[in-house]
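Here's the structure we're looking at; comments come further down.
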Amino acid sequence: MTRCLVVDDDREIRDGVQSYLSRFGMITSAAASGAEMRRAMRAADFDVVILDLMLPDENGLDLCRWMRETSGVPVIMLTAQGDPISRVVGLEIGADDYVGKPFEPRELVARINAVLRRVNRGEAPATPDAERRVRFDGWELDRMQRELLSPDQLVVPLSSAEFRLLCAFIERPNRVLSRDQLIDASRAPGVDVNDRSIDLAVSRLRQKLADSPREPRLIRTVRGEGYLFAAKVTP
């Protein structure tokens with residue numbers, strides 16, 4: 001069963017979303033603030049987080065950024081209908097989708113299912129088990145579990161965008177890839193990918209791979225061309 005965390009300071013919205021999602025067999029918890037959300041995330045596992053942009057104690061964008069640093073759980077942002085800037089920024093920092101307020105509950109259900117389908121396609125590719133795990137420069141990526149393991153054997157969480165980008169690099173090592181090629185390789189249905197979002201995802205991926213932004217060893221910038229993944233990839 002799908003486990004959802006609804007984060008919104010409006011009790012009517014929280015109760016309404018919980019009640020509606022339960023009709024579709026989803027197990028739903030709720031949080032009214034950023035602090036409650038953090039406690040809930042530490043106490044239980046969730047398949048998706050529905051996150052309001054405006055909360056009494058923390059900004060939803062900051063919480064989304066925290067999620068991308070600590071977890072690979074998909075995030076659907078709730079934003080004001082006429083607030084395109086926040087939607088763009090939310091997607092760029094790692095949100096998987098957004099719903100504008102006021103929204104139809106059935107649309108929210110459809111977007112939850114669409115996000116989970118995209119994540120599941122990324123986590124369970126139809127590949128032999130030998131190709132499920134790949135290694136590079138002391139790192140190991142389990143493409144079925146979408147789990148990145150550091151050389152120190154620590155799990156490093158990846159957002160959906162970071163995971164798709166890393167897979168694109170791993171499948172084409174030691175080749176210069178233009179931003180257009182990376183856009184095509186990491187595109188997902190319903191997600192807008194552009195040059196800027198590729199650059200931001202590369203920057204975040206470098207941080208997680210402990211790759212120096214000034215002198216990167218793994219993801220190198222080829223001026224005027226794009227990026228090159230300079231690593232030997234092995235099963």
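With the condition kept exactly as written, say whether any residue in the stretch 146-156 is out of contact with any Ser or Thr (no Cβ under 7 Å at 6 or more places or on another chain) and modelled with pLDDT under 85.
In the first step, residues of the stretch 146-156 are kept if they are out of contact with any Ser or Thr (no Cβ under 7 Å at 6 or more places or on another chain); the result is 146-155.
Subset that is modelled with pLDDT under 85: 146-147.
Yes, there is a match, as at least one residue in the stretch 146-156 is out of contact with any Ser or Thr (no Cβ under 7 Å at 6 or more places or on another chain) and modelled with pLDDT under 85.
Those residues that are part of a loop (DSSP other than H, G, I, E, B) and modelled with pLDDT of 90 or more, I need them from the stretch 195-222; list them, please.
Residues of the stretch 195-222 part of a loop (DSSP other than H, G, I, E, B): 209-218.
Selection gives L209, A210, D211, P216, R217, L218.
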- For the stretch 185-194, state whether one or more residues are more than 28 Å from N113 (Cα to Cα) and part of a helix (DSSP H, G or I). no
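The values are calculated or read from the model by the stated rules, or taken from the named source; none is laboratory data. No experiment lies behind these values; they were computed from the predicted model shown. Please note: Cβ atoms are built from the backbone with ideal geometry, for glycine as well, and neighbour counts cover all protein chains shown.
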